[in-house]
Structures are given as C-alpha cells and as structure tokens.
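The values are calculated or read from the model by the stated rules, or taken from the named source; none is laboratory data. Just so you know, these numbers come straight off a predicted model, no measurement behind them. Note that we place each Cβ from the backbone using ideal geometry, even for glycine, and neighbour counts take in every protein chain shown.
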Amino acid sequence: MRAKRAEDPIRWAAAPSELGWVLAARDGRGVRAILLGDSRRDVEREIRERFPNARAADSDAALSRLAADAARLVEQPRRAGHFEAALEPLGTPLQRRVWRALREIPAGETTTYAALAARLGLGRAAARAVGAACGANPIAVAIPCHRVVRADGSLAGYRWGIERKRELLRRERQDWAAREPGRAA
C-alpha cells in the first residue's frame, strides 16, 4: 500500500522499548502501522517506504502517547486486546480478514497457519496465503501475528525478527502462567 491522499496525512512518532524501537503511525481514520526495529533509523526507513508522505510528529502529545502505548504493548504483549486506538491497517480483503482473526487469538496461546486458514473457511491448503497475510501485517503486536506458528509448533519467520517473536511469546506465556497457577510457562 502506498501513500494516502494529501487531505488525510499519516503522522508518526517513535519510542524506545525493551525490544527495540517502536513507531506508531496514524491518520484521521486510525492507526495504520506499528513498526518494530533495532533503531529509530530502522523504523523511520520502514515508515517512509510504506508511506512516502508520512511526517514525523514527535512533538504531538497524542501521537507521543500512542507511540508510548505501542511500546508498552511490546513490553507487555498480553495487553494487545486492550489497545485503545482504532486499528485501520491498509490491506487486501483477505489480509484484513486474517488480521481480524489474529486479534481473536488469546495472549499466551498460539495457532498454526493451517488452523487459522481453516478457521477462516479457506481450507488448510491456504496456509501459505495466511502466512503471506501475517508477513504483510503493518501493525505489530496489536494485531498479534507473532501468535501463529508452524504445524509442528516451531517458530516461523516474523517480519520484525524471530528473536522478537520468541520473546513476545515468552512474555505472554510467562504472564499467563502467573495468572493461572499450575499452567506451565
């Protein structure tokens, strides 16, 4: 997806987190992207590639709060279901269906690409299409594509790094185990 209309500019702010930099971008309709990167330069480069007309707005208090909230999501991914901002990712109809379904996966749990495809009525053979939609997800953590794993339970690629995916899942399992005594972390 490329640039938005001039009358509806995308503005962004970035904040550091325990797992790197987080950039939150929005326009008048809602959050268009939450990006993760090793450095501020990495997330700035990615937002410019996605939305060439997007503008930094770190001095905007509301956007700075949004970036800080997104950073807290990275630090506490179980909060993804409680993220207050309206999510408006740009994508194809299939991608948007997959992204809505991802939000229904509870924190601390995972599903497979094939199971998610089947849940969407696409058939298990559509696992690759689901994987491609996960890879195109522009909203890290709040749309939790990190909760999708291979059929054997192993971790597959994550556009923001497999180590981040592993750590997000570890944090969710750890929190779940703390809330549910007797459940293994």
Q) Out of Arg40, Arg55, which single residue is charged (D, E, K, R), in contact (Cβ under 8 Å) with a residue 24 or more places away in the chain, touching a strand residue (DSSP E or B) at 6+ places or on another chain (Cβ under 6 Å) and more than 22 Å from Phe83 (Cβ to Cβ)? A) Arg55
Q | Among the residues listed as Ala57, Ala67, the single one being at pLDDT 90 or above and under 18 Å from Ser17 (Cα atoms) | A | Ala67
Q. Which pairs have Cβ atoms under 9 Å, sit 6 or more apart or on different chains, and link a residue in region 12-32 that is on the phi > 0 side of the Ramachandran plot to one that is assigned to a strand (DSSP E or B)?
A. Gly20/Leu36; Gly20/Gly37; Gly30/Leu87
Q: Consider Arg171 carefully, then state whether it is in contact (Cβ under 8 Å) with a residue 40 or more places away in the chain and of a type in the set (Lys, Arg).
A: yes
Q: Kindly indicate whether any position in region 139-146 is loosely packed, with under 15 Cβ neighbours inside 10 Å and either of a type in the set (Ser, Thr, Tyr) or within 11 Å of the chain's Cα centre (by Cα) (or both).
A: no
Q: Could you identify the single residue in Ala57, Ala68, Ala86, Ala24 that is among the small types (Gly, Ala, Ser) and more than 18 Å from Val141 (Cα to Cα)?
A: Ala57
Q. Which condition number does Arg119 fail, the rest of (1) surrounded by fewer than 17 Cβ atoms within 10 Å (Cβ to Cβ); (2) touching a Cys at 6+ places or on another chain (Cβ under 9 Å); (3) over 22 Å from Leu36 (Cα atoms) being met?
A. (2)
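Would you confirm, using the coordinates I've provided, whether Leu155 is in contact with a strand residue (DSSP E or B) (Cβ under 9 Å, 6 or more places away or on another chain), over 23 Å from Ala68 (Cβ atoms), at pLDDT below 95 and outside any helix (DSSP H, G or I)?
Working: in contact with a strand residue (DSSP E or B) (Cβ under 9 Å, 6 or more places away or on another chain): yes; over 23 Å from Ala68 (Cβ atoms): yes; at pLDDT below 95: yes; outside any helix (DSSP H, G or I): yes.
Yes, satisfied.
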